[in-house]
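As C-alpha coordinates, the structure follows; a few thoughts come after it.
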(Lines give C-alpha, C1' and ligand atoms only; values in the text may rest on other atoms or scores of the structure.)
Protein backbone atom coordinates (compact mmCIF):
# COMPACT_ATOMS: atom_id res chain seq x y z
CA UNK A 1 0.00 0.00 0.00
CA UNK A 2 1.14 3.52 -0.76
CA UNK A 3 2.32 5.57 2.20
CA UNK A 4 2.40 9.36 2.14
CA UNK A 5 4.78 11.76 3.88
CA UNK A 6 4.03 15.47 4.16
CA UNK A 7 6.88 17.92 4.80
CA UNK A 8 5.24 21.12 6.06
CA UNK A 9 6.58 24.59 6.77
CA UNK A 10 9.18 24.42 4.01
CA UNK A 11 11.02 27.66 3.37
CA UNK A 12 12.38 26.49 0.01
CA UNK A 13 10.46 23.47 -1.39
CA UNK A 14 12.87 23.01 -4.29
CA UNK A 15 15.93 22.91 -2.01
CA UNK A 16 14.24 20.40 0.29
CA UNK A 17 13.22 18.29 -2.70
CA UNK A 18 16.85 18.21 -3.90
CA UNK A 19 18.04 17.24 -0.42
CA UNK A 20 15.51 14.40 -0.10
CA UNK A 21 16.13 13.23 -3.67
CA UNK A 22 19.85 13.08 -2.91
CA UNK A 23 19.24 11.00 0.22
CA UNK A 24 16.92 8.69 -1.70
CA UNK A 25 19.47 8.20 -4.48
CA UNK A 26 22.31 7.51 -2.03
CA UNK A 27 20.01 4.91 -0.43
CA UNK A 28 19.54 3.15 -3.76
CA UNK A 29 15.98 4.33 -4.31
CA UNK A 30 14.39 5.35 -7.60
CA UNK A 31 12.21 8.44 -7.75
CA UNK A 32 9.87 10.44 -9.91
CA UNK A 33 9.56 14.17 -9.22
CA UNK A 34 6.37 15.86 -10.41
CA UNK A 35 6.60 19.54 -11.20
CA UNK A 36 3.53 21.72 -11.72
CA UNK A 37 5.02 23.10 -14.98
CA UNK A 38 7.95 22.95 -17.37
CA UNK A 39 9.63 26.04 -15.88
CA UNK A 40 9.92 24.51 -12.40
CA UNK A 41 10.98 21.18 -13.94
CA UNK A 42 13.86 22.96 -15.71
CA UNK A 43 14.79 24.77 -12.50
CA UNK A 44 14.84 21.46 -10.61
CA UNK A 45 16.97 19.91 -13.37
CA UNK A 46 19.53 22.73 -13.02
CA UNK A 47 19.49 22.55 -9.23
CA UNK A 48 20.09 18.79 -9.20
CA UNK A 49 23.24 19.39 -11.26
CA UNK A 50 24.57 22.03 -8.86
CA UNK A 51 22.97 21.27 -5.48
CA UNK A 52 25.63 19.07 -3.90
CA UNK A 53 29.08 19.48 -5.47
CA UNK A 54 30.74 16.10 -5.89
CA UNK A 55 27.48 14.17 -5.36
CA UNK A 56 26.16 13.54 -8.84
CA UNK A 57 22.48 12.58 -8.91
CA UNK A 58 21.69 10.89 -12.23
CA UNK A 59 18.43 12.32 -13.52
CA UNK A 60 16.63 13.03 -16.77
CA UNK A 61 13.33 14.45 -17.88
CA UNK A 62 10.61 11.79 -18.05
CA UNK A 63 10.41 12.13 -21.83
CA UNK A 64 14.07 11.18 -22.32
CA UNK A 65 14.83 7.86 -24.03
CA UNK A 66 17.11 7.19 -21.02
CA UNK A 67 14.23 7.40 -18.53
CA UNK A 68 13.86 3.62 -17.96
CA UNK A 69 17.54 3.33 -16.95
CA UNK A 70 17.81 6.56 -14.92
CA UNK A 71 17.06 6.48 -11.18
CA UNK A 72 15.61 10.01 -10.89
CA UNK A 73 12.98 11.28 -13.33
CA UNK A 74 11.52 14.76 -13.58
CA UNK A 75 8.02 15.01 -15.00
CA UNK A 76 5.14 17.42 -15.32
CA UNK A 77 1.94 17.04 -13.28
CA UNK A 78 -0.64 14.97 -15.11
CA UNK A 79 1.79 12.42 -16.51
CA UNK A 80 0.86 8.85 -15.60
CA UNK A 81 3.37 6.49 -17.24
CA UNK A 82 6.52 5.83 -15.23
CA UNK A 83 9.16 3.13 -15.64
CA UNK A 84 9.63 2.81 -11.87
CA UNK A 85 7.29 3.24 -8.92
CA UNK A 86 9.32 3.47 -5.71
CA UNK A 87 9.15 7.16 -4.66
CA UNK A 88 7.01 9.98 -6.00
CA UNK A 89 7.90 13.54 -4.99
CA UNK A 90 4.93 15.84 -5.61
CA UNK A 91 5.67 19.54 -6.07
CA UNK A 92 2.33 20.18 -7.81
CA UNK A 93 -0.91 21.36 -6.22
CA UNK A 94 -3.07 18.36 -7.18
CA UNK A 95 -3.06 14.72 -6.14
CA UNK A 96 -0.69 13.01 -8.59
CA UNK A 97 -2.35 10.81 -11.18
CA UNK A 98 -1.77 7.10 -10.51
CA UNK A 99 -0.14 7.87 -7.15
CA UNK A 100 -1.40 4.55 -5.77
CA UNK A 101 1.15 2.75 -7.96
CA UNK A 102 4.03 4.20 -5.92
CA UNK A 103 5.40 2.77 -2.70
CA UNK A 104 5.78 6.23 -1.14
CA UNK A 105 4.48 9.68 -2.07
CA UNK A 106 6.35 12.66 -0.65
CA UNK A 107 4.51 15.97 -0.50
CA UNK A 108 6.60 19.11 0.07
CA UNK A 109 4.56 22.06 1.30
CA UNK A 110 5.70 25.68 1.46
CA UNK A 111 4.73 28.20 4.11
CA UNK A 112 2.20 30.24 2.13
CA UNK A 113 -1.54 29.73 2.35
CA UNK A 114 -1.61 29.30 -1.44
CA UNK A 115 0.42 26.10 -0.92
CA UNK A 116 -1.15 24.95 2.33
CA UNK A 117 -4.80 25.02 1.17
CA UNK A 118 -4.28 22.53 -1.70
CA UNK A 119 -2.10 20.42 0.62
CA UNK A 120 -5.00 20.10 3.06
CA UNK A 121 -7.20 18.83 0.22
CA UNK A 122 -4.54 16.30 -0.78
CA UNK A 123 -4.21 15.16 2.85
CA UNK A 124 -7.97 14.56 2.99
CA UNK A 125 -7.88 12.62 -0.29
CA UNK A 126 -5.07 10.37 0.93
CA UNK A 127 -6.85 9.89 4.24
CA UNK A 128 -10.06 8.87 2.44
CA UNK A 129 -8.01 6.36 0.43
CA UNK A 130 -6.73 5.02 3.77
CA UNK A 131 -3.09 5.57 2.83
CA UNK A 132 -0.80 5.62 5.89
CA UNK A 133 0.08 9.29 6.52
CA UNK A 134 3.04 10.90 8.27
CA UNK A 135 3.70 14.60 8.75
CA UNK A 136 6.98 16.37 9.40
CA UNK A 137 7.92 19.97 10.15
CA UNK A 138 10.73 20.50 7.67
CA UNK A 139 12.06 23.59 9.41
CA UNK A 140 12.42 22.01 12.84
CA UNK A 141 13.14 18.54 11.34
CA UNK A 142 10.65 16.78 13.60
CA UNK A 143 7.67 14.50 13.12
CA UNK A 144 4.30 16.09 13.83
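Data for the structure
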| read-out | value |
| --- | --- |
| Residues satisfying the stated conditions in segment 96-125, i.e. part of a loop (DSSP other than H, G, I, E, B) and either out of contact with any strand residue (DSSP E or B) (no Cβ under 8 Å at 6 or more places or on another chain) or without any contact (Cβ under 8 Å) to a residue 40 or more places away in the chain (or both) | 97, 98, 112 |
| Hey, residue 134 outside any loop (DSSP other than H, G, I, E, B) and without any contact (Cβ under 8 Å) to a residue 40 or more places away in the chain or not | no |
| Residues within segment 48-70 that are closer than 18 Å to residue 17 by Cβ, in contact (Cβ under 8 Å) with a residue 12 or more places away in the chain and assigned to a helix (DSSP H, G or I), tallied | 1 |
| Residues of segment 2-21 satisfying the condition of being surrounded by fewer than 17 Cβ atoms within 10 Å (Cβ to Cβ), modelled with pLDDT under 95 and at negative phi | 11, 12, 15, 19 |
| Exclusive hit being part of a strand (DSSP E or B), more than 17 Å from residue 6 (Cβ to Cβ), in contact with a strand residue (DSSP E or B) (Cβ under 9 Å, 6 or more places away or on another chain) and touching a residue at least 40 places away in the same chain (Cβ under 8 Å), set 73, 44, 34, 88 | 73 |
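Conditions tested, residue by residue: (1) under 15 Å from residue 78 (Cα atoms); (2) surrounded by 20 or more Cβ atoms within 10 Å (Cβ to Cβ).
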| position | (1), (2) |
| --- | --- |
| 89 | yes, yes |
| 93 | yes, no |
| 98 | yes, no |
| 109 | no, yes |
| 113 | no, no |
| 120 | no, no |
| 124 | no, no |
| 130 | no, no |
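The values are calculated or read from the model by the stated rules, or taken from the named source; none is laboratory data. Here the structure is a predicted model, which is why all the values come from computation and not from measurement. When we count neighbours, we look across all protein chains shown, and the Cβ atoms used for this are built from the backbone with ideal geometry, even at glycine.
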